[in-house]
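Structure record follows, encoded as structure tokens.
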Amino acid sequence: MNKTIIVSNRLPLQVKLEEESLNIVPSVGGLATGMKSVHADGNGIWIGWSGLTEEALNPELSKKVDKAIFKEKCVSVSLTEKDVEDFYFGFSNKTLWPLFHYFMEFTEFERDQWIAYKKVNQKFADVVLANVNDGDTVWVHDYQLLLLPQLIRDKKPNISIGFFLHIPFPSFEIFRTFPWREELLKGMLGADLLGFHTYDYERHFLSSIKRILRLEVNFNEIAYRDRMVKVDSFPMGIDYNKFYKAAFEHTNQEEKEKSELQRRLDDHIETSQDTKLILSIDRLDYTKGIPNRIRAFEHFLNIYPQFKEKVRLIMLAVPSRSNVPQYQKLKSDTDELVGRINGKFSTVSWTPIWYFYRSVPFENLIDLYTSADIALITPVRDGMNLVAKEYVATRTKKDGVLILSEMAGAAKEMNEALLINPNNFEQIADTLKYAIEMPLEEQQTRMEFLQKRLERYSVEKWADEFMGSLKATKSLDSLIVAKEMNKANENNMLSNFKAAKKRLLFLDYDGTLVGFKNNPADAKPDEHLINLLDRLNQIENTDIVIISGRDRETFETWYGNKNYHFITDHGVWLKQKNKEWNMLERLKNDWMENILPVLETFVDRTPGTFIEKKKYSLAWHYRKADPELAQIRTIEINTVLTSLISNNDLSVLKGNKVIEIKSSSVNKGKATSRWLTQDNYDFIFAIGDDWTDEYMFEELPNTAYTVKVGVVKTKAKYYVKDTLKVRDLLNSFL
Ligand code: GDG
């Protein structure tokens, strides 16, 4: 039976070593909850680090731990103290975390830590590979494991791999500063589906893919090697019912059931009935905007002194990554700020900020959420932010106000919250005043909208949607109807080749026989290619035709003394072995003087593009241009040209990073079908990489072996991945 393997840095449990006994406590975090059904399904397992280093475990204990966690359907990845130091505290949290949250000034680029990151990703891959079988699905989570998808794919190409990033993906301008950017992106592209919280992160990721790896992106699909990688956004939700239910039960609590914290909160509420409680909860992380929030609160008390003694900010800051220097500094800055403001404003009966630096049990979390009139969530950058959603879920009476930073992913789907810019203290102060004075009716209207959405898009739904989309990517592959030219297909083709009496090989040039060059003039045939073509040309009863959009003059210069067959200018000119050039189609080119100025305006506005003037066509090349700008320009140019040429016998062809305008009456298809009438071929082979070659594939009989270079939709029957494979394939005819 096929299974799903979940992989995350930490396992969803805590192992407690108590003297001789082992205690396994399951975690109750958002991810653990969301994955519950996926994990529970069939024989699914979760792979991750247990939280105990190799040094903390002797071999005997280690076995015991493994056995105990296996009962929870978990498998651990064994890490040393040094691994944790360099991979987790080091590279993950001193490089990727700050960089992806736009904290360039905190970002360290340490090669040793990068090496540790790669090594530990490999350790994770080894454990996955030891547990995975063909047909299984693997779902990898988060920034600590960005290289894992490709490491798994390399060894197990046929399994389904999904990846979800829980933090933002930064804009290209930030990401480009990362020294190992290509490797990281390629690591991610090992997945079939890449998920982000918001469309913006998805957009940033695709932008880096286009600009750094220069890959073709079609809407949200990336053609990568022999696969399509799908990218989509899946905003993560919470276990809505769990929070709602807990809050509901909480309101009916008897006095004796109440926690110590709740009693303190009740005291506060009773003694100062008209005082509003403002709540914030976050890990103590510089992305969460904690100092900003305190300063904004100070500003609020300064400009609206009427609220002194009428508001209290309760801040729960959960200790996190406390051995990373920036976190230590944040801790002391926060302590100092809270101290200063409490010192400045406190009265005998009032302290403006209650500050807790600790983690609290779930019950206390509910105490806080249900007692707070306002939640003030002000991250300067946050992938999603679940606290904002949890606060909303606990408001069973639909009262309360959520103030939320627009820099949190959650803001994208929580429009009814009061959205603020965390750097704008005036705005925060005004919004606090607005929230305090908000009529109950408005609170309820806003809450109702927010709750409805959260209830519908719960964390279970999030996981279901991701898994559903991952399954669908499998059928996406079938859209590429061409089959890979693998060994079996190749052998079959070769035996037909050998048995045939008269053979014909159509070979496209750029992007097929030679790789793409930034300047078309640099694509001269290399020695290896000439040698290969010469040898193919010596095979008896075999016609080798190089068929290209290039002009005949270029081929004349490059191949002047060669006696292969040539079709150039997309089928305008023909040169048969040892004969003179012959015009297949009589063409006019007086249209060029009208079209050329139009193309020139596009060159002026699109740096890196240029025009190639051929005898019978004009080509606008954009392979060196910024890929995003080029994408916009190709749409524009298409619209402009199509309207211009509507009354002429011209067509606009989209090639590989080129737009070409030429007469409609010629194309490679017409040229190939004309060629076929010359002889009785019982073996036909055609290979090419771009749109112009599709005409050729279309015109050839069904028995022909048509091969596309690259993994894209095509009319060809087979595909090969790249030009290296083309040469291998041609070699096999020898
Ligand atoms: C990352 C991304 C993204 C907090 N204090 C206590 C406690 N919590 C729980 C909350 C909430 C979770 O921790 C925090 O989740 P957030 O989403 O707010 O933030 P990160 O930890 O930074 O998470 C974030 C998330 O991944 C999911 O993709 O939303 O953007 O940064 O569930 O309730 N729970 C308990 N005691 C506490 O003291 N029991």
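The values are calculated or read from the model by the stated rules, or taken from the named source; none is laboratory data. Note that the coordinates shown come from a computational prediction; the quantities given were computed from them, not determined experimentally. Quick reminder, even Gly has a Cβ in these numbers, built from the backbone with ideal geometry, and neighbours come from all protein chains shown. Note: areas computed on protein heavy atoms with side chains; ligands, DNA, RNA excluded. Shrake-Rupley method; radii C 1.70, N 1.55, O 1.52, S 1.80 Å.
Here are a few things to note about the model shown:
- Take each peptide in 482-490, 198-206, 252-260, count the other Cβ atoms within 10 Å of every residue, and average; sorted highest first, the result is 198-206, 482-490, 252-260.
- Surface accessible to a 1.4 Å probe, per residue, for the residues of the chain, Å²: 43 Å²
- Panel note: the C-alpha atoms of the range 592-663, placed on their principal axes, show extents of 32, 23, 21 Å (largest first).
- In terms of packing, defined here as the mean over residues of other Cβ atoms within 10 angstrom, the peptides 79-87, 210-218 line up highest first as 79-87, 210-218.
- Shape of the range 655-723, Cα gyration tensor, a/c cut at 1.5: oblate
- The listed peptides 346-358, 690-702, 295-307, ordered by packing as a protection proxy, come out as 690-702, 295-307, 346-358 (highest mean of other Cβ atoms within 10 Å first).
- When the Cα convex hull of the range 273-312 is projected onto planes of every orientation, the mean area is 3.1 nm².
- Inter-part distance, the range 86-144 to the range 1-52, computed on C-alpha centroids, equals 19 Å.
- Positive dipole terminus of the range 1-141, leading residue within Ala125, Gly90, Ile6 (C-beta point charges): Ile6
- Of the listed residues Arg340, Arg623, the order by accessible area with a 1.4 Å probe, largest first, is Arg340, Arg623.
- Positive-end residue, the chain charge dipole about Cα centroid, Cβ charges, pick of Ile428, Phe109, Ile403: Phe109
- The range 276-333 versus the range 621-650: alpha-carbon centroid distance in Å: 53 Å
- Nonlocal amide H pairs with Tyr224, under 5 Å, H built at 1.01 Å: Val229
- Count of Lys pairs (Cα-Cα under 17 Å; at least 8 positions apart or interchain) in the range 592-663: 10
- Dipole magnitude of the chain, debye to nearest 20 (Cβ charges: Lys/Arg +1, Asp/Glu -1, about Cα centre): 1740 debye
- Carbon plus sulfur fraction of accessible area for the chain, probe 1.4 Å, in percent: 49 percent
- Applied to the range 291-298, the Karplus parametrisation 6.51 cos²θ - 1.76 cosθ + 1.60 on θ = phi - 60° returns per-residue 3J(HN,Hα) values of x, 4, 5, 5, 5, 5, 5, 4 Hz, with x for Gly and Pro.
- The distance linking the range 507-535 with the range 389-460 is 61 Å (Cα centroid to Cα centroid, whole angstrom).
- Largest first and in whole Å, the equivalent-ellipsoid semi-axes of the chain read 62, 31, 21, each the square root of five times a Cα gyration tensor eigenvalue.
- Equivalent ellipsoid semi-axes, the range 323-418, via Cα gyration tensor eigenvalues times 5, rooted, Å: 25, 19, 14
- Across the range 192-207, computed HN-Hα scalar couplings (Karplus, 6.51 cos²θ - 1.76 cosθ + 1.60, θ = phi - 60°) run 8, 9, 10, x, 10, 5, 10, 5, 4, 5, 4, 4, 4, 4, 4, 5 Hz from first to last residue, x flagging Gly and Pro.
- Annotation: amide H-H contacts under 5 Å for Ile546 (H modelled 1.01 Å from N, sequence separation of 5 or more, or interchain): Leu507, His565, Phe566, Ile567.
- Per-residue ³J(HN,Hα) for the range 255-267, Karplus 6.51 cos²θ - 1.76 cosθ + 1.60, θ = phi - 60°, Hz, x for Gly and Pro: 3, 6, 7, 6, 7, 4, 4, 4, 4, 4, 5, 4, 4
- Dipole magnitude of the range 102-198 about its Cα centre (Cβ charges: Lys, Arg +1; Asp, Glu -1), debye to nearest 20: 200 debye
- With semi-axes defined as the square roots of five times the eigenvalues of the C-alpha gyration tensor, the equivalent ellipsoid of the range 21-161 measures 25, 20, 16 Å, largest first.
- Here the sum of -39500 (n - 2.57) over DSSP H runs of 4 or more residues, divided by the residues of the chain, equals -12500 deg cm²/dmol at 222 nm, to the nearest 500.
- Dipole magnitude for the range 4-233: computed about the Cα centre from +1 point charges on Lys and Arg Cβ and -1 point charges on Asp and Glu Cβ, it is near 560 debye.
- Dipole-positive endmost among Ser664, Ile684, Leu641 within the range 634-713 (Cβ charges, Cα centre): Leu641
- Anisotropy class of the range 371-469 from Cα gyration tensor, a/c 1.5 cut: oblate
- Shape call, the range 240-463: gyration tensor on alpha carbons, a/c limit 1.5: rounded
- Near Tyr705, the amide H atoms lying under 5 Å from its own belong to Ile684, Phe685, Ala686; only residues 5 or more places off or on other chains count, and H is placed 1.01 Å from N.
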